[in-house]
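To keep things clear, I will list the structure first and then write my remarks on it.
The values are calculated or read from the model by the stated rules, or taken from the named source; none is laboratory data. Note that this is a predicted model, so its numbers are computed, not measured. Backbone-built Cβ (ideal geometry, glycine too); neighbour counts: all protein chains shown.
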There are 2 protein chains.
Amino acid sequence: MAASLPPARAATQDDIRRHNLGRITQHLHASGATTRSDLVALTGLNRSTVGVLVAELSEAGLVREVAGPAGTIGRPSLMVEPIAESVVVLAFEMQVERTIGALIGLGGQVLGRLESRHRREGYRPATAVRQVATMAASLIALAPRQATWVGTGLSVAGVIDRSSGLVRIAPNLGWRDVPVQELLDRAMSTHFDDPPQTIVGNDSDLGALAEVVRGAGRGRQSVLYLTGDVGVGCGIVLAGSGMVDAGGYSGEVGHMVVNPHGLACHCGARGCWETEIGADAILRAAGPEAGYADVAAVFEAAAAGEPTADRALRSVATWVDIGLGNLVNIFNPQVIVLGGHLSHLLPYLAHADGPRSALFATREQAQIALPALGEDSTLFGAAEAAFEALLLDPLGTLSRSRALAS
Amino acid sequence: MAASLPPARAATQDDIRRHNLGRITQHLHASGATTRSDLVALTGLNRSTVGVLVAELSEAGLVREVAGPAGTIGRPSLMVEPIAESVVVLAFEMQVERTIGALIGLGGQVLGRLESRHRREGYRPATAVRQVATMAASLIALAPRQATWVGTGLSVAGVIDRSSGLVRIAPNLGWRDVPVQELLDRAMSTHFDDPPQTIVGNDSDLGALAEVVRGAGRGRQSVLYLTGDVGVGCGIVLAGSGMVDAGGYSGEVGHMVVNPHGLACHCGARGCWETEIGADAILRAAGPEAGYADVAAVFEAAAAGEPTADRALRSVATWVDIGLGNLVNIFNPQVIVLGGHLSHLLPYLAHADGPRSALFATREQAQIALPALGEDSTLFGAAEAAFEALLLDPLGTLSRSRALAS
């Protein structure tokens, strides 16, 4: 659509300065060292304004200027680079049987990483947040002394009300209406004085965010990131940010009905996409009598030439194709990233040039891609969510946060 | 998703002034007369800044201050109102068998309207643009002498490359890769010196835009507008503007596969939503032997208690329900507006509280609504697209346009 309306609130002088500082910090965070000339070109600001802004960021300790690679003639140009040790965030990904945590510095550098396993059954919210807070303490102990901790991001596979951090439903954990953000903030305060607030996000949304900032969707405006496990979800990034919806529940593509005559889904409908392409569908297609322990075993058998496994994956892939066609027709995206086990189904899709059922015009523009961040898209996305406040208002966020050494 | 990144370019002083002037003009255009105090509250600017901006708009002839309704005590407060005669746009909606044109003033006031019928068969692009240009001349003749003509919007039911105004495919007109914007601009210049450029948009996208600016989606951030005729399309408005996609082809929900065992669709796939809920599906469900002339006849018969027609509509409505459920799960929208013949199917939907297959959390937030602009959503949307440049940069656009009297 051609038309768009201006945002709701008018801009003030302070907004501009904040916006411009944020824009420069965001660029350095996503792309690393950059010359001042490139910052001038990227921002559209004049040289002296960029100079003033870089000086402010440098004084705040977020960036430094270093000699870049020497040019063919004359002295090397100065590069502005983000200081990974200046500000850090904690990122957590809560999976069904393990939780991954990382300490990540400005620029996306992983400064520490930790994993903790738990039993799938009866993993209660109180236990979960206590475990995350303990991991947080271990990770913060690894942080550089001068660092400022500006945020914590937590990924949960579920339907999340983003404004409150309430997990409405996380089927694989068996949670319903759990105020995870509130619980975690409380657990954090037993380890820390005045920790930054936690942001709780959906795993697919966070995966999409990370792939757009520093992965397969980098620099693209319209990117879908699919997660495939027992359930199927979709993170949707449009114009560089998460899709606006009524309550943060968008992207439930796993419950898009593609086969009204198919099997009943736990959600109450019939023939949902995840009943056709989720982990259970793959095991079902391979035949229970084959006795595959998990989806990975089916992929291995198919790769080793086992015909039943191969047939099973080809059959599931036709349903992947139908759903991808629907998403391509609905979103006309630039990139669809296949995460989770869906990445292993890519070779089994019938048409390498895009889903068969997509219209020609939308299909020719959609690239089906593997996640550039491998298994870590979601973890990096939790970090990006935690960096958000800093990237929107670098100096304000710094001034509101407490350096770890203080 | 919680996180978002700042826009690509940094803001300058000029940008702010333009943005603030645009914001005020946009509010007056959409909502009509407003007190200065409300403008202060709406923009977040201080009183004196709003005073300066209103004075600039008033000097440019776009707005005037008039006495508002008297309060309980003291003198009536001044209202700022848009002047419908100051700037005008032309809006055209090209349908299969007729073209509707309108002259619309600032604030959305219809100052003139014209319809022209044409034969469905062999309606060539050259004929179509000539007809639109002739209608334009008749409509501009109705414009107030002091008016400035700032834009022309044209709606076509098809897949449109918005950047170039190229109609990639308009199945019901039988057009493929027709540079409609270029052809129309050329045809316009045989009637006018230096006419403003035409913007060509997809009918559903434009319908969505109008329903958001002044209809059932007013003030809402996440709105879908469905068109139902032979085909089914969807305009998607998120955060007050059209969804960002790769090439302007998004919203092809008519080609969302909902019934893989269903009938072949002209697009090459099988069981597309429009093969189940489009006009042909309704006639097919009612039975060819019933001999209904068109969809309207089926709705009339059902309303008169004819059981076959009633059964047909109930059967088609179950497919409407499945597709709406998919859209609710994917977009988690605030409002879905049912346009075209879909509006008449609303009473036949099984669940008044939302589509049966939608998840509880998304369903409880989605309102299924009728278009507030009736049959004119798309026509008003074409006008909104034509007003876009003015609303983003009122004084700049005025200075680049020519008053009709000059």
>> For the range A:231-241, which positions are crowded, with 24+ Cβ neighbours inside 10 Å and not hydrophobic (A, V, I, L, M, F, W, C)?
In response: A:Gly231, A:Gly233, A:Gly235
> So which residues in the range A:10-36 are of a type outside the set (A, V, I, L, M, F, W, C) and facing another protein chain (nearest Cβ under 9 Å)?
Replying inline: A:Thr12, A:Gln13, A:Asp15, A:His19, A:Asn20, A:Gly22, A:Arg23, A:Gln26
> Does the range B:227-241 contain at least one residue that is among the polar types (S, T, N, Q) and modelled with pLDDT under 90?
Replying inline: yes
> Does the range A:200-230 hold any residues that are more than 14 Å from A:Gly254 (Cα to Cα), touching a residue at least 40 places away in the same chain (Cβ under 8 Å), hydrophobic (A, V, I, L, M, F, W, C) and crowded, with 24+ Cβ neighbours inside 10 Å, and which are they?
Replying inline: A:Val200, A:Leu206, A:Ala208, A:Leu209, A:Ala210, A:Val213, A:Val223
> Residues in the range A:88-140 that are assigned to a loop (DSSP other than H, G, I, E, B) and within 29 Å of A:Leu395 (Cβ to Cβ): how many?
Replying inline: 3
> Out of curiosity, is A:Ala312 touching a Pro at 6+ places or on another chain (Cβ under 7 Å) and either buried (at least 22 other Cβ atoms within 10 Å of the Cβ) or without any contact (Cβ under 8 Å) to a residue 40 or more places away in the chain (or both)?
Replying inline: no
>> If B:Gly339 meets every condition in (1) surrounded by fewer than 24 Cβ atoms within 10 Å (Cβ to Cβ); (2) within 22 Å of the chain's Cα centre (by Cα); (3) away from chain A (no Cβ under 12 Å) apart from one, which number is that one?
In response: (1)
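Identify, please: which residue in the range B:216-230 is in a loop (DSSP other than H, G, I, E, B) and within 11 Å of another protein chain (Cβ to nearest Cβ) and is, among those, farthest from A:Ser241 (Cα to Cα)? I'd like the intermediate steps shown before the answer.
Keep residues of the range B:216-230 that are in a loop (DSSP other than H, G, I, E, B), which gives B:216-221, B:229-230.
Of the ones still in play, those that are also within 11 Å of another protein chain (Cβ to nearest Cβ) are B:219-221.
Numbers: B:Gly219: 21, B:Arg220: 18, B:Gln221: 15 Å.
Only one residue fits best here, namely B:Gly219.
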> Going through the range B:50-64 one residue at a time, which ones are within 13 Å of chain A (Cβ to nearest Cβ) and surrounded by fewer than 17 Cβ atoms within 10 Å (Cβ to Cβ)?
Replying inline: B:Val52
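Limited to the range A:118-130, what total is found for residues that are closer than 12 Å to A:Met188 by Cβ and buried (at least 18 other Cβ atoms within 10 Å of the Cβ)? So that I can check it myself, show each step before the final result.
Taking the range A:118-130 as the starting set, the residues that turn out to be closer than 12 Å to A:Met188 by Cβ are A:129-130.
Remaining after also requiring buried (at least 18 other Cβ atoms within 10 Å of the Cβ): A:129.
Result for the range A:118-130: 1.
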>> I need a count of the residues in the range A:231-289 that are assigned to a strand (DSSP E or B), touching a Cys at 6+ places or on another chain (Cβ under 9 Å) and in contact (Cβ under 8 Å) with a residue 24 or more places away in the chain.
In response: 1
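Can you tell me which residues in the range B:193-214 are in a strand (DSSP E or B) and more than 17 Å from B:Gly233 (Cα to Cα)?
Residues of the range B:193-214 in a strand (DSSP E or B): B:198-202.
Selection gives B:Thr198, B:Ile199.
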